[in-house]
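A short reminder: the numbers here are calculations on the coordinates, not readings from a lab. From a predicted model like this one, the values you see are computed outputs, not experimental measurements. Ideal geometry is used to build each Cβ from the backbone, glycine not excepted, and the neighbour counts take in all protein chains shown.
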Amino acid sequence: MILDRDNSYATADDNREEEIGLLHEDLDEEWDFERGKAPHRNYKYTETSVTGYERQNVVTKTYKSRFWILFLAAFLCWIHTLQWSTWGPISESMNAAFPGWGPSTVALMVNWGTIMYVLCVAPLCWGMQRYGLRAGVVTSAAFMAIGTGLRCLTKQTPTFTILCHICAILVGGASALALTTPMVIANDWFPQNERTTATAIILGISQLGSLGSFLEPTFIRLPGPGVTKEDIQDDVMNLVYAGAIMSAVLLLALLVYYPSKPPKPPSLSSTTERVEFIPGLASVIRNKKLLLIVAIYGTFVGPPVAWITVLNFSVLPLGFHQGKAMWMGVTAVLVSSLSPVAAGRINDLLQGHIKTLIVTLMLGTTAFCYWFLLISYGVVEVTEWQVYVSTVGICACNYAAMPLFFEVAVDIAFPISDILVMGVMTAADCLVSTLFLTAYSIPNAGYLWIPSTMIFTSGIGIIPMLLLKFNNTRALIDNQIRVDSPYYK
C-alpha cells in the first residue's frame, strides 16, 4: 500500500495493528534490496503453507466512481495529445500565415513536449508519489490551462510564436504527470481483470487527441486564391481559443471532484506499500530486466508516435498534400485508438500470453514500416490505398503494444511505484522521439531516412523480447498463488 500522508486504505478492522513483512523470502536479486536497508512494506496478507498468501482483514471493493476517474484522466491525456500535435497537420497554413513557421519550427513545437518530459519527469513524479494522484492530475491540468490561455493574447508575430513556444513548454511539463497516470489509476481503482483494459482505454482516448489535430484542416484554410494571410490567422486564433476553453473546463472538473484513491482497494496487490521514490529509482537503475524493457519500449514506441504528428512531411513527396494527409492521419488515429483497447482486453481475458502479444505487434509494426519504405523509394507503385494501409498499420500495431509493455514493466519492477515505472518508461520513448524529431532540422536531409529508421527501431527489440523471462507478480498475489507453486513461472 502506498502510504500517503493524507490518504490510506480502510480495512475491516482499523484498530488492528498491521503486520510488517516482506512479500516472500527470496526477493529478486535485481531489486538489490537488503533486508536491513529496505524500507518497511506493510502487506495486508501473510504467507501460509497452503495458499501462499492469505488475506488479513483486507476488504476489496470496486466503485462506480472509478469510471469518472478514468474519464477525466483520459480527457486530460486527450487534451494533452491534441495540444502537443496541434501544428503538424496545418503546417502549410502556418507557414503561409505566420513568418518563420517552416518544418523546423513545427518539429520544435512537437519536440518541446518530449524535451520537457525528460527534464520534468523525475521531480514531478516524485511530487505525485508524495502528494497523491489528485495533486499530480490537477497540476498537469493547470499547466495546460495556463499555456493554452497565453496563446490567446495576440496573433501578432513574433509575439504569437513566442507564446506558442511557452505553451508547448508548459504542455510538455504537464505531460510528465498526465502520461504517468494510466497505470496508477488502473492499479488503485480497477480490479485485476480490468487493469490492462483501463490503461488501454486511457491510451486509446489519448490517441484520439491526434484525431482532433488531424481534423484541423477542415476549418483552417489553405493558402490560395481568395484566402488572405489574415483569414488564416483568424482561423488559427479560433483554434487556440477552443483549446483554452477545453483546458479550463477540465481544470474546473478536476477541482470539483477527483480523489487520489478509493476508500477500499480494488485488489490485493494494490494494498502493497510501494518503495519510496529515491530507493525505487536506485532499484530501477539496478534492475536489468526492467532496464531492458525500458530500452525496448522506448526504441520501439518513440519514432512512430513522433512520426504521426508530422506525417505531412513524409507523404508530401508522394503527392499527398495537407488535405489528403489529414484523412490518412484521421484513419490512423481512429484505428490506433481502438487497437490498444482490443489488445488490453485480450490480455485481461487470456492472461499468461502477454509476451506473445507484444512480439506479434512488434513484428506487425516492422512489416508495415517495411511496406512504407518500399512505397517511399518507389519499389512499389505509389497508390493511395497502400499509403493508407501501411500508415494505419504502423500506428495501430505500435499503439496496441503500449499497455502491454506497461503491464510487463510494472510486474517486473513490483513493488516499485507505478508512477516511477510509468515515468521511466515514457521518458524513454520521449527521449527517442526527441532524437527522431531533431533530425527534421538537419538541412537538406530530405525524408527518405524516416521509414528505414522506423524499420530499425521497430525490429531491433524483437529478439531481446523473445529471450526475456518475467513473472506476473501482481496476478499471483491477487490470485493468492504460492510463489513455489507450478503456476509461478
With a ≥ b ≥ c the root eigenvalues of the C-alpha gyration tensor of segment 343-448, is it rounded (a/c under 1.5), prolate (a/b larger than b/c) or oblate? oblate
Modelled FRET efficiency - R0 30 Å, Lys64 with Cys152, Cβ distances, 0.05 increments: 0.25
Roughly speaking, what is the stretch gain from Ile278 to Ile166, that is 0.36 nm per residue apart minus the C-alpha to C-alpha distance, in nm to one decimal? 37.3 nm
Cα-projected label distance for Thr159 with Ala295, points at 7 Å along beta-carbon direction, nm: 5.0
Given the pairs Lys261/Lys355; Lys155/Lys324; Lys355/Lys469; Lys288/Lys469; Lys261/Lys288; Lys229/Lys324, which span a C-alpha to C-alpha distance of over 19 angstrom in this model? Lys261/Lys355; Lys155/Lys324; Lys261/Lys288; Lys229/Lys324
I need the phi-derived Karplus couplings for segment 447-459: 6.51 cos²θ - 1.76 cosθ + 1.60, θ = phi - 60°, integer Hz, Gly and Pro marked x. 10, 6, 6, 5, x, 5, 5, 6, 4, 4, 5, 6, x
In nm, give the distance between the simple-model label positions of Leu222 and Ala367, each being 7 Å from the Cα along the Cα-to-Cβ direction. 3.4
J(HN,Hα) series, segment 187-196, from Karplus relation 6.51 cos²θ - 1.76 cosθ + 1.60, nearest Hz, glycine and proline x: 6, 8, 10, 10, x, 4, 7, 10, 5, 5
Residues with amide H under 5 Å from that of Ile416, placed H, sequence gap 5 or more: Val275
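Note the full-extension length gain between Tyr257 and Leu349 as 0.36 nm times their separation in residues minus their Cα-Cα distance, in nm to one decimal. Walk me through the numbers before you get to the answer.
Details: separation 92, 0.36 × 92 = 33.12 nm, distance 3.17 nm.
Gain on stretching Tyr257 to Leu349: 30.0 nm.
Loop only by DSSP, 15 or fewer other Cβ within 10 Å of the Cβ. Give me the GluC sites (Glu not before Pro) in segment 223-312 that pass, ordered by residue number.
Listed in order of number, the matching sites amount to none.
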Would you work out the charge dipole size for segment 65-199 about its Cα centre, treating the Cβ of every Lys and Arg as +1 and the Cβ of every Asp and Glu as -1, and quote it to the nearest 20 debye? 220
